[in-house]
Every structure is written in C-alpha cells, then in structure tokens.
1. Going by average Cβ neighbours within 10 Å, how do the peptides A:374-382, B:318-326 rank, with the highest at the top?
2. Roughly how many whole Å is it from the C-alpha centroid of region B:320-350 to that of region B:178-251?
3. Tell me what chain A gives for mean residue ellipticity at 222 nm when only DSSP H runs of n ≥ 4 count, each as -39,500 (n - 2.57), the sum divided by the residue total, rounded to 500 deg cm²/dmol.
4. Simple spin-label model, 7 Å along Cα-to-Cβ: residue B:277 to residue B:96 in nm?
5. Would you kindly compute the Cα radius of gyration of region A:305-415 and its largest Cα-Cα separation (Dmax), both in Å?
6. Mind jotting down the three principal axis lengths of chain B based on Cα atoms? Whole angstrom, largest first.
7. Just from its helices, what would the mean residue ellipticity at 222 nm be for chain B, if runs of 4 or more DSSP H residues each count -39500 (n - 2.57) and the sum is divided by every residue, rounded to the nearest 500 deg cm²/dmol?
8. Under the definition of partner shielding as Cβ atoms of other protein chains within 10 Å of a residue Cβ, what is the mean value for peptide A:677-685?
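Please treat every number below as a calculation from the coordinates, not as lab data. Every value quoted in this text rests on a predicted model; they were computed, and no experiment measured them. Cβ: placed from backbone, ideal geometry, glycine included. Neighbour counts: every protein chain shown.
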C-alpha cells in the first residue's frame, strides 16, 4: 500500500482500518482431524494471584484440595522439612555493598578505604542464600565471562586480618553481620546495604511496563554503574565513569574487543576509589510444586527476576492438563504500586500482573541479556547489517516536543539506522480493533510528557527517564503497508493483518536487534486508554508516577483499585463518548466518529468489568479483591502468539567444560551437556557429551554458542571471539595471528541455546612466543593445560 | 433400500467385535516381528552411504503432545537399526526433522526442500489431517516415497490422492474413530435411546458425530439425538455444553473433545455429576499420551484411543511384539508409547522389511519401485497387531482398539481396563476397495459413511 498522499491523515487513510481481522471460514469438509496446530495464548486458562506471607505459602503448598502451585519472590517459611514434592529455582535477587562513610576520619585515603572494605567483607556471615563475591558482575549476569579474570577462583571469601574491623552503620542492613561486628549509630566507617536488582532498575528508570527497556538492562556493567556511580565523590572519577558509560550506551567502539575493554574500564573506574564495593550477592529461591498430578512443569527461570517474568507465565504448564487448568500463584508482599502501564506496575506484584495482561513487543530472554520477539518481528532491509546512514523519507512522521503532535519529517533528514518491523496486531480487551493510532500514540505521549521540566503542565520525570533513549534516538516513523497472513487451524482459516512500519534512529550498533529494541512502534494499551490517563493527570485526578504523586500530593493513577479514581475516569469516558474527544496528537489520524466509537466501547467495558485495564495481552483481568487477582486466558484466535512459542526457554541446557588443551594455534575445548529430559510428567537431568545430535527434552537439537576472551597480563582484553566445532565434537579457538608475544589467559564458555546462567568457564594460560600463525599445530604449546 | 432385520449380537460378532481380556489381534499367519529378526545377508553390493530420512512432526504448539511421541518412536527405531549396522547392514539412518507447526504451506515447501535439496530416501511423520492432503499430492509429484504416520483423514485417499503410488499411511483411517466408538457403545449399552453429543466445532468433531450416528443408529434402533453441543475452538468453559447435555436427560453422552480441552471438560463435568447422570463414550479421551489422564478421570467410561494402538493392549503378554516394544520404548524414553510412537517406530521397520524383501529379489539396493511393490499388500507385525497395507489405496489397516477407563495400582495415571478391551478388525468397519468416493454417486462425508449407510443392516 502506497502512502504518498499529501497529509498524514490521507497518507494513513488506507491504514485507518482495523489491523486485526480474524475470519473463520469453515468449509464442509473432513480435511482435518483432532490435532490443532495452533492455540492462542498460553497453557493455564486461568491464573490466580494471591498475596500470601511465607508461612501462609508453606501451608498452602500442602493444601490437599487446592494446592498452591508456585510462590513468587521469596521462599516460604516451612515449619518442618520442606515437602518432597516441592522444587525450587534460583535467581539473582540483590547485590550486597559496602559503602565507606565519606565523613570517617579513619578512611580518608584510598588504601584505608580499600582495606576497610576488605575487612568489612570478612566480617560478614554468609547465610546459604548469600554468595560472597567481591565484584559487581555475577554469574547471573550475561557478561560475566568478560570479567572472569577479575574474580580469581578460590578468592571469593576474604580472610580477616589482625587489623581492626571497621564500624558498621546502625540502621543499615546489619542482618548479615557477625555478632562481633561493631555497629554504631554515629561515627561509623562503613554501611552494609543490600539493593535488589529490581529496585536498581526501577531507580534507573526501567519500569517493565508499557515502555521498551534498553537492551543492556540485565547486563552487569549497566547495573554496576547504577549501583556504584552515586558513591563516587570526586568529580574526575564521576566524569570518567560517565564518559565510559556514555560510550557504551552510544556504541562508540570499533568492535567487541573494544566494547569489552570499555566495560572493564568502566568497572575499574567505579571501583578505583574504594568508596563503594560489591562484596556479595543474594540468591532468590522460589518454590513450586512438582507433584505428579497437581504440579507444574515447563518452567523458565529468569536469571534476575526468577519466576516473576513474562516468559515464565508464557511457558508454565499444569501437569494435570495438556493445556488449560487454573494456576495458583502466591506472592509476597501485597501490591502497593498503582496499576497503570505508563509509570505504574513498579513493584513485584505489579510486574507480575503486567507480564500477564500486557504484551510488549519484545520480552527479556530468561537466561541471558537478550530479548525475544513477541509482538514485533524484525524484517531484513537493504540497509541491514550495514553501518551507514540512511535518508529519512520526507513523509515519515515525528512527534513534536511538548505537544506530541505528529508532523512529517520533511526533506533533508538522515538517520544512522532503519528498522523494519512487522507488528502482530490483535484486538484489545474492550473490543476495539488495533489501528495505526494505537501503534503511534506512545511516541506522542513520550514526547509530550518528557519536555518542559517540573513546571510544565505535562511533565513526569519517570516518563522522561523511561523514554529518554527512545526520544534521543528516534528520527522518524513511517507506516508502509499492512500485510495479511492466513493461518489454517483444522478446517478453519483465520486471516491476520500486520502493519509494516519503518522506524528511523540515530543509533550506532553492530546489532540490528539492539536498534529494534529502542523504539518499537507498539503499545499493549489502546490510544484511548492512554489519552484517558493523560486527561486524568492533566485534570489533577491523579499522577502517572509515584514520585509525581508525592510531589503533587495526588493519588497515584490506578485503573482499577481506587474507587474514587475509577468514578472520575468513568465520568471522563461518558464525556468523551459525547464529544468524540481525541488528543491533539491524533487529530490527523483519528476522526471524531471513530473516537466516539472507541469511548463507547470503553464505557461498555468498564460498565461490564468495573476496571479499565484494557490491553491486548494473553490474559485478561476477570476478578479481584484486595488480596486476590484472577486472570482468564484469551483463547480468541485473534490473539497471534500461541501455546508453546516460548517453550525453548524452559529447562535450559547447560554446558560443563571437561578439558582444555592447546594444540599449536588452536585451543581445544571438550564439553558435556547437562539437560533435562522430559519423561511422562517429570524431568530428569542428564549429562552427556555435547554432540551435534544431542537433543533436549523437547527433542530439539541443542545449539551451542561458544565464546572466548583472551586477557593479557596488563588486564587488557586482547581478543574475543567464538569457537568452532571440530569433527571430533571438540570446540576450537583459533588463536588470532594478531596476538602479540606475551603471556595471556584464555577464558572460554559454551552457552547452550544461549544459556549464560552460572556458566562453567574454562581457562588456560597461553605463552605466545610470536609463532601463532607460523608454527602450525605443534607450534608454541608450552601452556599450562587446565581443567576448569 | 429394504431394511433387513438382523440380530445386533450376530452382526457385532460378524464384524469381529471382541471384548475382554482375551481380545487379541486378528489372527494372521504367525510371523516374527521385523525388529526381532536377524536379517539374512543382503544380496549384491550395498552402498554404505547413509540413508537420509525426513521426519516431519509437531515439535512445538499444542500438537507437540502427539509430535514428540512420534519422533521418539522414529528415533528409537533408527537407533536400533543403526546399532545393527543400518538397513541391509550397510546404510545407517540419518534423520532430518521438520516442525509441522510451521503451517501447511511451509510444510509443502519443506517436503520439496527435503526431496530436492536433501535428497531424502523416505519421508515420514505428519500428524495433522490438515497437512496430509496437501503433502500427499506433492509426494506423488516429486516421486518421494512417503509413509505418513498419522494425518488420518479419509479425505486423503477419498479425494486428495485417490490413486497413490508413492504415498502410504500407517495409521487407522479417521472414520474408524466414530464407528469404533459407536460399536463399543452399542455392544456395551444397547439399551440407550437418548444421546447427547459434545464435539469440537471443527471437522474432526463433525466427522466423529457423523460416523458415530450412522453406525450407532444401525446397531441400536430407535435412538434419538437429544442434544448437540459444539464448543468453539479455544473454549475453556464447557459448563454450558455440559449442562445442556445433562438437561436433555440423555442415556448416553458422546464426545470427541480432545487434549487439554477434554481434560478441562471432564474436570468441569465431574463437578456437575455428569458422569453419574448418563453413560459416557469418547472417541479420543485416551488418545494422547498414556500419562496424560489423571486418576480423577471417571472410571468405566468408553475412553477412545483414536481407534488405534494402546500400550497395554492386549493385556497379559498375549502379543509379545507389543511387550517388547513397550519395554524398549520405556527403557529409552522413560515413558509409555502412544499410537504415534507405535506408528513412527513401525514405519521404519516396515520400510526396512520392504527393502530387505526387495533386495532378496533384485540384489543390491533396490529401486524405489521395488520397495513400493513390497509395501503394497504387505502384512506386517506391529505392536498394535498385524498391519495390512491395502494395495489400492496404500492405507494401513490394523484392528481398532477402545476400552473402559480404570485406575490400577501399577500406573500413576488412568489406563484402559485390561479386562474389558474392545477390538474390531478395521477392514470390517471401513469402506471396501473401489467403494464410491464422495462426489462419485453420493455426497456423504466419506466413503465409509456411505458404505455403512448403504450396506449395514438395521439390527432389530
């Protein structure tokens, strides 16, 4: 479909029709049997979330009539032995830091501070869920391999010396301290603190709600910056760290080797002054029932959010059902954050709810720091893989700052990247059909509420923070056409329409997926609900974010649980249904009659459901009380993502390195695979040599991703790369001929299907006498052969 | 047509319907299972190039519950054959898999790619009846020797490939599902008059409804359909259908709802006491994996297995081929096989047997034509009983099985009652060769439907 007409309205005219069209055609034939190749949404037909304290969760796990299936966030408190039918999953919960008191007269020089941190770490008692680990990047960060040399094996636990232990700040998290550790309310030396990864990300402006998150959200260097940067007292240290961070965030590096060196330099810059240091981390241990009949299976565990993740709810299956069944989830504590998709859903319960009802364009891969396509598919273009600027079409649209109004970019504009998306549209839960305005309006809202500062009528700092990357880099968006695809299920054919959209960005990267994550043209909430929230905030009914609510002494906007807000919102809907209100930004995209129809649908929806949580996700809110929320599955075939889509993330395989040896210019790595084999309603863990035909429990071949890092004695990364599978099933590093003579350490890991969690890392020391590339296979092999 | 008055018991006996622990596969001249045979030395020079096989099945999506057992059966057979040196002792099997969930168009492309680029020697697998009618003609066009493990629609041979040369199918034909269920119900509960139906609202449900009714009405005079429930695809709440069926005061409720939908339905029906208010018969309640149905499932209902194989049939080691197969399958995969496992496993052995027989005749690696000649009309021992490949339509025929649900201590899931297995020779409930296809003198849903309608007596 061509879009070269004069005005945006005209340009979009052909597209201002429903983007979703599912038509069932049932020919009177007998061409299909029972096997249904596609089922919309995911396994449970109902998800019930209940707030339970740890004692209550322990009781409900052994409830005979309706047992709890999973307890999210923390471990239940069992009065006796843990029941045999329960299993647990571990993930990174928090980072434990020691911060030096800048006022401490004893710790004014760097050496004293570094020593105090070491002494403080040695004074900690580590309960079973705490791992002493004096480095910010942990085995639960996908970039751990690149820092493997920073934590020598066996050096994690520091031994106390005869020097006096520093005094700890009273009131901080002292539960980890040994009883002998001195604690003072004033004149303390160090503060022991624990920061949850989720809180760290929230503070960094990452909400895991309707906004896209940066691709590096789960990476260690990013989290280290958020955690340690505030403690730097010297302007020069801050400037150095900021400069390195910005270079990483803006992809200002030549290649992966330089990128890794920048990340390591950033860590060094954050740690050099010994003002704050990570001394360990705590694991989250979450339990679920593995009972033969009443248990659950197909579990995907996010490395950092554990079972509170979008992919978990998209893979979990009740054993007693091939699909369907009611999943009972317990969570602690009670939800406190408001439920609005713009700056709400920020606590654990909120994130879980959004992962159930919302449906972002991309979802975090549970076991690494990448993202998987959900409602967006990236299409290859002529520019794909080429790092050069492109022209932005004159008729591409850009939202204007302050107003959010869309205007053509006009002639003479360029961008560093173009991303071509194919979006999977579907109906919203109020029955409204997804239209281009729904896809574009989040851009308008982001620009409108992020400019002008606190004195502006339309400003929210949390929206500004969450959308900064997108606003900085977006250069234009253009609706290209709508594609139709048909899906035949049994004897019925469903037709889906998918908008094809170009997005232009100023972003330099080698990674096309990274570009795609910055500004996907997508929303899981229709434009009219976004507009309703905006008006509510403008009229002082509530504020989008917690911080603005506190600053303006307003309620935090909630689409569900505050009767007064809901009453005010319903009155607005009635008003808008009369007037056909649409925001100024959409006046060229949505006509008054179409707007009226939207408000009427919303009015009917709230009348029937008594809430405004309207989304296009895989589940819908069905019922709730203060402590229980019930969601029902969307089995309409208009929903385009189906059962089993994310099953590859459940029960991931893990590589175990058996041996490493050098053979001339090669380093050869032998590895086993440890993987779950599905059997009846259970799994068993199997270890076998890693071969091309090694199959996972899903009978899919395991795809190894192998990486190596070569680090010189100066601590610089000399080379990074991948390993190549050999005919004998070993993996080979072909040592780079550019490696200068010297002594190096090579670290290698194999991530099966991309699983980076707690990897087995092999290491071998290399002495390069300058013969690489010259001596053949028998060359300079005077290395220490090591097993991991 | 003039109605004949035939006694029901006599007619069921005539059909060969047997029930009880003594039920066993149709008597066929004793033969050794191929998997237990030590092949004679091959004749002539056999190349040692690997044999490339394509196996397409559902690896993702809801139908993966059927696809995984199929691939497991295939892999088990391939591993066994390779351990013996390969087919004719020389050619080891290499399997290329494809995910059937890619969609019919993509599957057709994949078959072309497998044949033209990968040069496969045999194409196997395929679960969905939505796919076999699309793949069958392509297999014929490409000259790709194909043995479908499932995709059991009558339409494949009735319409899509009426005169196959390269395409075969090992599973029982779909119309047998409804007919088998009807025969089992008629034999067990001949007094029922009022029948309520709950079927999924797509072609499988309609096929089961049609074939159950035509067969049952012939066997039990004076029956009446008092309720029809057609849950839409994706239904999770079956309450309306359950209560509608119950309120019609039926003697018997018949259903072909399957998989996770069936589990949801029976659990909801338990709450309403549906299984206490009427007899219940399903074409496919136990038609997924044996471990799929829990012990809360009602006992004593007809729990169909898609008119196919069941892992405990016949009980008591009356069919050593099955006992051996189940033991090997369990040892390899730590679970029990379903009908897809049986079909995929024996597909390879059937092919192996055909190659060996052809080799005896011609020497060397036989031409495809010679292998096809051996497959046509082959009697072959499988875990499900003896399989006969009808030469005219290349359809596999083996006894249909169904039975009654029962909890036993040996298994943590519900199984078919070993003492009350029902078996029916499939050829006696399927249209004979050259019976007119739909559109050739009649417009009934299938040839079998028309054959039953036209030829079965109305019993007294």
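1. In decreasing order of mean packing, A:374-382, B:318-326 become B:318-326, A:374-382.
2. 32 Å
3. Values: 16 runs with 177 residues, N = 788.
Rounded to the nearest 500, it is -7000 deg cm²/dmol.
4. Here the modelled spin labels are 5.5 nm apart.
5. 20.2, 61
6. 69, 50, 43
7. Result for chain B, helices only: -11500 deg cm²/dmol.
8. Numbers: counts 3, 4, 6, 12, 7, 4, 1, 1, 0.
Mean number of neighbouring Cβ atoms from other chains: 4.
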